[in-house]
């Protein structure tokens with residue numbers, strides 16, 4: 001693309017000379033000196049060939065655009081993956097809480113029976129304290145697991161961009177269905193759908209384009225330039241008026 005530059009300058013000056021020995025002052029009794037000048041410059045420059053630099057930069061920008069789209073897709077995939085993992089983490093912690101709740105119920109019933117047996121002398125104090133310790137341990141585990149489940153739910157709500165206190169009813173079942181994996185199918189899926197890997201390849205191509213841009217400086221360059229310079233000057237004092245104009249092409 002051509003580069004057009006225009007510049008215009010003007011100057012006006014007025015001076016007085018109070019030197020009594022000045023010739024103009026002695027003859028005309030006028031010591032005023034005026035000067036006006038105008039300059040206008042117009043430059044046109046056009047690079048016709050710069051060593052394939054433009055082509056390399058255009059290719060680089062195209063790769064960067066593809067890389068940006070890949071990064072956007074990668075962010076979306078990572079976000080979806082994080083939400084899914086967080087969802088099932090909440091589900092796992094809920095299942096753990098249910099199991100610990102059942103254990104707490106059993107140990108509580110055992111502790112109550114043990115207390116009744118101790119009253120009638122059917123159980124020693126040591127056995128009673130053992131059952132009580134198991135009940136207290138299960139209670140502590142259940143309370144700790146309840147806190148873990150609450151933190152997992154809070155992390156899930158944060159990923160979903162909702163209130164921390166929002167509750168959910170998770171309906172999925174924790175059932176593992178072993179898929180029939182095949183190596184070639186996994187390899188093809190990795191190459192076609194792995195945007196992280198694609199971005200790494202694109203990054204290598206961008207580095208190659210940078211090398212081509214630097215290598216373009218080794219080629220000769222062809223530039224076209226055209227310019228016009230116009231100047232006008234005028235001087236005025238008591239002796240008369242003078243000046244001139246000039247036009248330069250290059």
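Derivation of every value follows stated rules applied to the coordinates shown; laboratory data play no part. Since the structure is predicted, the reported quantities are computational estimates derived from the model, not experimental observations. Glycine gets a Cβ as well: all are built from the backbone with ideal geometry, and neighbour counts include every protein chain shown.
Quick notes on this one:
- Comparing 78, 141, 229 in a Gaussian network model of the chain where C-alpha atoms under 10 Å apart are linked, the largest mean-square fluctuation is found at 229.
- Kirkwood estimate for the range 54-217, i.e. one over the average of 1/r between Cα atoms, Å: 21.5
- Compared with the dominant Cα axis of the chain, that is its longest principal axis, helix 53-119 is turned about 20°.
- With respect to the chain, whose longest principal axis is taken over its alpha-carbon atoms, helix 183-193 is tilted by about 40°.
- For the chain, built as a Gaussian network whose Cα springs stay under 10 Å, the top-fluctuating residue of 51, 108, 62: 108
- Global geometry of the range 111-197, whether rounded, prolate or oblate, following the gyration tensor of its Cα atoms and the 1.5 cut on a/c: prolate
- Here the relative contact order of the chain, from alpha carbon pairs under 8 Å that lie six or more residues apart, stands at 36 percent.
- Taking Cα atoms only, the orientation of helix 125-159 departs from the longest principal axis of the chain by about 30 degrees.
- The chain - mean residue ellipticity at 222 nm from DSSP helices (-39,500 (n - 2.57) per run, n ≥ 4, rounded to 500): -20000 deg cm²/dmol
- Förster radius 22 Å - calculated FRET efficiency between residue 78 and residue 201, Cβ distance, rounded to 0.05: 0.75
- Order of 213, 64, 120 under a 10 Å beta carbon neighbour criterion, fewest first: 120, 64, 213
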